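Following: one structure in structure tokens, then a few remarks.
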Amino acid sequence: MNNRKRILFIGLIVILAITLAVGCGKKTTSFTKDPKATEGMTYEQFKAQYDMDKVVATVDDQTVTYGELFQQIELEELLSPGIKDFIVKDDTGVIDEFAKDMVVRKRVYQDAVAAGAKADEDELEAQVFEFTHTNEDITGEQKQQLTEFARFYMTITAYFNNMVTEQDKRAYYEEREHEYIKASVRHILIGFEGRTEAEAKTLADQLTQRIRQGEDMAALATEFTEDPGSKETGGLYENQPVGSWVDEFRQAAIDFEINVVGEPVKTEYGYHVMRVEDRKKYEFAEVEAMLTDILAQEKFKEVEGQFYDRVELTK
């Protein structure tokens, strides 16, 4: 996970949560305008329907006004273009869910500040520079707003990262040690497109026998594989986390004897002629930062849920 993603991971969780909730038919209590009336509207026309000073969501002593809500939407549009159009076109009350999430984040931020959590200002400056210097249309005001936006999330991230102890990370790692494996796998994919499953299996079996009889697997991969991601490397994926692969391929990468071509492995993509050339366990130090992210996100979701149940929307 790169630094920018680490800084904004909680914000991205919120955006994804809203999108997934809508896609899964999550019921909402919508206090927004009649969605059918928004057809053909621009974002500015849609925004003009609302009183920017009116409070839309409350949790404990924290509130969010429509003005704050739309400012947040416009900032997130800079980071993830399309949010504004999504808000205007949506007909399931997503703007109310956005308001709920925003007020919960404000409430969490309140606790983060009280606990002494702080953003790393040097990292903050570097990340804002990384984004703004590649986006020449960003105004000075937008840069300042983005800085505060990033500081907000970096503070929350620091708060939850600080909750994660070394003991927590080691326990999580030890429980899932078998998942933290990297492997170098050379394979030849024989896909199902343009041939029957039986024909794909026959060709995979033939290539398996040719390799076992001494032919160069890298050369055969270059000639036969239908995986564009590894064709130029002779079918090799080197030092990759096995967890990033589909289940059948991942399990074979864990189980196959080193430097022995196993029986072809069937996945949704086709048949794979596979040879595991190296396999190692990730040491704790190599994945510690990732474990912090995972456990911090779990803690965030737990706390978020507690506040979310108390959010009140204003009619």
Space enclosed by the convex hull of the alpha-carbon atoms of region 181-281, per residue, Å³: 84
Dipole of the chain [Lys/Arg +1, Asp/Glu -1 at C-beta], most positive-end residue of Ser244, Ile258, Thr132: Ser244
Is the shape of region 74-123 best called rounded, prolate or oblate, per the rule: a/c under 1.5 gives rounded, else a/b larger than b/c gives prolate, else oblate, with a ≥ b ≥ c the square roots of the Cα gyration tensor eigenvalues? oblate
What do you get when you divide the Cα radius of gyration of the chain by 2.2 N^0.38 Å, with N the number of residues? 1.28
Could you tally the net charge around Glu238, taking each other residue with its Cβ under 15 Å from the Cβ of Glu238, Lys/Arg +1 and Asp/Glu -1? +2
Would you mind checking the pairs Lys100/Lys315; Lys54/Lys301; Lys100/Lys143; Lys54/Lys118; Lys100/Lys169 and listing those with alpha carbons more than 21 angstrom apart? Lys54/Lys301; Lys100/Lys143; Lys54/Lys118; Lys100/Lys169
Any DSSP H helix in the chain with Cα axial reach of 27 Å or more and mean Kyte-Doolittle score of at least 1.0? Listed by number, the hits are 3-23
Arrange the peptides 78-85, 157-164, 99-106 so that the one whose residues have, on average, the most other Cβ atoms within 10 Å appears first. 99-106, 157-164, 78-85
Kindly identify region 41-198 as rounded, prolate or oblate by the Cα gyration tensor criterion: order the square roots of the eigenvalues as a ≥ b ≥ c, call it rounded if a/c is under 1.5, otherwise compare a/b with b/c, prolate if a/b is larger, else oblate. oblate
Projected convex hull area of region 125-225, Cα atoms, direction-averaged, in nm², equals 13.6
Estimated [θ] at 222 nm from DSSP helical runs (n ≥ 4, -39500 (n - 2.57)) normalised by residues in the chain, nearest 500: -17500 deg cm²/dmol
Please list 241-247, 126-132 highest first by mean number of surrounding beta-carbon atoms within 10 Å per residue. 126-132, 241-247
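Every number here is computed from the coordinates shown, using simple stated rules; none is lab data. On a predicted model such as this, the values are computed, not experimentally measured, just so you know. Neighbour counts run over all protein chains shown; Cβ positions are idealised from the backbone, glycine included.
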